[in-house]
1. Mind ordering 74-87, 220-233 by average Cβ neighbours within 10 Å, highest first?
2. Assuming R0 = 30 Å, can you tell me the calculated FRET efficiency for the pair Val365 and Ser74, based on Cβ-Cβ distance, to the nearest 0.05?
3. Relative to the first principal axis of the alpha-carbon coordinates of the chain, what is the inclination of helix 385-394, with its axis defined by its Cα atoms, in degrees from 0 to 90 and to the nearest 10?
4. Can you send over the carbon and sulfur percentage of the accessible area for the chain, probe radius 1.4 Å, protein chains only?
5. Quick one: what are the phi-derived ³J(HN,Hα) couplings along segment 78-94, Karplus 6.51/-1.76/1.60 with θ = phi - 60°, whole Hz, x for glycine and proline?
6. Taking only DSSP H segments of four or more residues, each worth -39500 (n - 2.57), what value at 222 nm results for the chain once the sum is divided by all its residues, to the nearest 500 deg cm²/dmol?
7. As a quick test, which of the pairs Lys81/Lys401; Lys10/Lys237; Lys208/Lys291 have an alpha carbon distance above 18 angstrom in this structure?
8. For the chain, what percent of Cα pairs sit more than 34 Å apart?
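The values are calculated or read from the model by the stated rules, or taken from the named source; none is laboratory data. Keep in mind that what you see is a predicted model, and the values were worked out from it rather than measured. So basically every Cβ, Gly included, is an ideal-geometry build from the backbone, and we count neighbours across all protein chains shown. SASA here: full protein model, heavy atoms, side chains in, ligands and nucleic acids out. Shrake-Rupley method; radii C 1.70, N 1.55, O 1.52, S 1.80 Å.
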Amino acid sequence: MKKRSNFSGKLGFVMSAAASAVGLGNLWRFPYLAAKYGGGTFLLVYLILMVTFGFTLMVGEIGIGRKTGLSVISAYKKLDKRFAFIGIISAFVPALILPYYSVIGGWVCKYTAVFLAGGGTEAVQDGFFTGFITSSVSPLMWFALFVLLTSVIVIMGVEKGIEKCSKIMMPVLIILSIIIAAYGLTTEGALEGLKYYITPDLSKLTAKTVLAALGQLFYSMSLAMGVMVTYGSYMKKETNIESSIRHIELFDTGIAFLAGLMIVPAVYAFSGGDQSALSAGPGLMFITLPKIFNNMAFGGIIGFMFFILVLFAALTSSVSLMETVVSMVQDKLKASRKVATVAVGLFTFALGVPSSLGFGVWSGVSWMGMSILDMFDFISNSILMPLVALMTCLFIGYVIKPSAIVDEVEANGEVFKSKKSFVFITKYIAPIGIVAILISFVAAGLGFLQW
Ligand code: TRP
């Protein structure tokens with residue numbers, strides 16, 4: 001058997017996991033959810049879920065991966081044949097996310113090109129973004145370009161090169177975001193917006209906010225889809241699982257917070273705190289940032305740099321998502337890597353077309369106020385991922401028993417500091433919490449509950 005190659009040490013592991021974790025989830029998704037779901041209220045719920053559920057689930061997944069040394073489908077099968085289906089369901093999630101992730105990736109390509117061509121001032125106009133996404137051909141072409149870029153990187157196997165680049169680009173992205181956020185905060189009214197972003201108002205707390213925060217947590221940390229199991233399988237026994245995860249959490253959340261800081265106070269300032277502007281949804285980043293750049297000296301260049309950095313972060317994530325799907329197809333169909341990648345690329349494009357057209361010609365298709373892209377997003381983040389998370393916790397809590405994971409964390413004589421809370425959350429809090437949220441959602445869907 002071929003020996004699995006390993007990440008060299010803790011830094012290598014943390015950096016690679018972070019490169020996969022940091023992407024559009026942090027930069028695009030987190031800010032619009034925070035703006036929509038009450039700012040500080042969402043932030044607080046998110047942070048609490050992160051250190052409890054998020055941490056626990058990540059320890060569980062990485063633990064399963066390192067223990068078995070296998071990627072997700074085989075890992076569950078090896079631990080207990082009867083529960084192989086958990087691995088299979090997990091593996092479907094990336095295939096569902098990748099298409100609409102790439103649609104947004106296409107939007108980022110478009111904005112990069114617009115700023116490159118010096119069209120930053122045009123992008124400020126109110127109708128610019130809407131004009132773009134409601135048209136049919138243009139968003140589809142940018143989306144196709146993004147899928148093509150991702151596929152080419154996967155076929156050529158140059159992920160390592162891309163990852164190296166991203167190690168340089170990530171710090172630049174952070175510095176640039178700090179500058180943009182600081183500048184945005186000088187906009188009149190932005191301090192009011194800052195207050196909205198960081199002050200929780202618990203009277204606004206609803207089950208919907210909790211479900212949104214939970215879905216975002218899974219999405220942003222690449223959890224509940226088997227990816228971290230695979231990452232864990234490459235992790236060396238000497239690397240400390242607990243502290244690595246704390247670092248990844250800090251990094252991922254830090255970047256999401258920063259992206260929110262850049263966008264939420266600014267939207268608030270530009271709209272005077274109008275709820276409909278705050279609830280703009282997936283378009284928020286694209287509507288707001290050009291306005292900030294427009295007010296800044298050298299805004300055109302800064303805008304271009306910013307979007308290209310976002311594009312990189314998006315590509316490292318989409319490559320890792322596609323990689324997951326491709327290796328699955330390769331295993332199942334015994335296809336070559338090239339054939340598998342082309343097939344996955346075409347599938348991704350086909351499945352993403354409705355999400356893209358859903359803002360234009362197919363805008364009539366909606367459910368509970370969601371566009372087609374929102375629906376895909378909702379199915380993966382708010383339904384499938386919570387279910388996978390639930391099954392994973394029950395599997396660890398009652399089938400292989402938490403001690404199996406605890407032993408793995410302590411394999412090298414390490415002390416598992418959060419052992420008690422890990423066991424308690426896995427066995428009781430997470431399953432009960434997730435079931436309660438899902439029930440309240442179904443009850444709302446049936447009209448029993450205000451959602
Ligand atoms: N976490 C990534 C982001 O924030 C998106 C993502 C979800 C992902 N699942 C993944 C990336 C699996 C790589 C692998 O954008």
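1. 220-233, 74-87
2. So, using R0 = 30 Å, E works out to roughly 0.20.
3. With rounding to tens, the tilt is 20 degrees.
4. 69 percent
5. 5, 6, 6, 3, 5, 10, 4, 5, 4, x, 5, 4, 3, 5, 6, 4, x
6. -23000 deg cm²/dmol
7. Listed pairs above 18 Å: Lys208/Lys291.
8. Within the chain, distances greater than 34 Å cover 29 percent of Cα pairs.
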